[in-house]
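Read the figures in this text as sums done on the coordinates, not as results from a lab. Since this is a predicted model, take the numbers as computed values, not measurements. When we count neighbours, we look across all protein chains shown, and the Cβ atoms used for this are built from the backbone with ideal geometry, even at glycine.
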Amino acid sequence: MAFAVACCAVLSAWNNRTPRPGPDRWYPAVNTAAAAAALAAARLSGLGPDELGLRPGRLRAGLRWGAPPAAALAAGWIVLAASPRTRPALADRRITTLTWRQVGYQVTVRIPAGTVLWEEIAFRAVLLAALRRVWPGPSAAAAADGMFGLWHIRPTVAALRVNQVTAGPRATVAAVTAAVAGTAAAGVALGWLRDRSGSLAAPVLVHLAANCGAALAARAAAGPDGVLWLGPEPEHPAGKRPSRR
C-alpha cells in the first residue's frame, strides 16, 4: 500500500506541480533517469517482471499486438496531413515552427526517451502493478488511467497558451477537462494492450506512433514559415474578387 500511495503522490506532482529540473535539453535524460529509478523502486518493493509487463518472453507478443494499431495511427496522421480540409487539426506551433532537424530530434530522442518510455514505465508498468497489489483489477486500472489523464493538465495548458486556442478561464477549463478525459481514455486502450499482450512493448509501440506521428504530420503539413498550407486560393473569373457585401 505504501508504495502505491508513493507512486500516486510522485506522479501527481511530477508533471503538474514541480518545475522541470535543469534546462529543457535535459528533458530526455532526466525522464529516462526517472524511469530507471521507478523500475528500481518497483523491483525493491517486490514487483516482478511479469507484473511490470517486462518479461522478455512476451516481447514478441507485445510487438505483434502493438503493430496493427500503431500502423493504423500512422495511416491516420498521413490522411490528416494530406488533405487541406483536415490539416487544421494538426495546428500546433510547438511543432510547426520547428525546422526538420529539430523535428528529427523530437521523434528520435525527446519523444521516445523523454515522454513515451517514461510514461509507459510510470503508468502501464509501475503504477498499474503497484495498484493491483492493493485493489481489484478494474479499480486499479481505473485509478491508473485517471492519473494518466491528470498527468496531462499542465502540458495541455501550455499547449493552449502557445497556440492561443482559448479565450477566458471557462474555455480553458473546458479544453483541459476534455484533454484529461481524452488522455484517460487513451490510457484505457494502452492498458488493455499491455494486459492482452502481457508486454509493455505493445503500448510503447502505439504511444510512439501517436506522438511521433503527430509531430511528423504537423511539420509536413506546414510551410517553412510554420503556417499550415491549406491549398491555393480559389480563382475567380477575370481575376475579380468576390463582393464583400
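Brief remarks on what is shown
- The ranking of 78, 153, 121 by Cβ neighbour count inside 10 Å, starting from the fewest, reads 78, 153, 121.
- Degrees between helix 27-44 axis and first principal axis of the chain (Cα, 0 to 90, nearest 10): 20 degrees
- Whole-angstrom gap from the range 85-124 to the range 23-62, using each part's C-alpha centre: 21 Å
- Debye log10 I(q)/I(0) at q = 0.10, 0.11, 0.15 Å⁻¹ for the chain, Cα point scatterers: -0.54, -0.64, -1.12
- Residue among 180, 157, 103 with the largest mean-square fluctuation in a Gaussian network model of the chain, springs linking Cα atoms under 10 Å: 157
- Fluctuation leader among 28, 69, 84 - the chain, Gaussian network, Cα springs under 10 angstrom: 84
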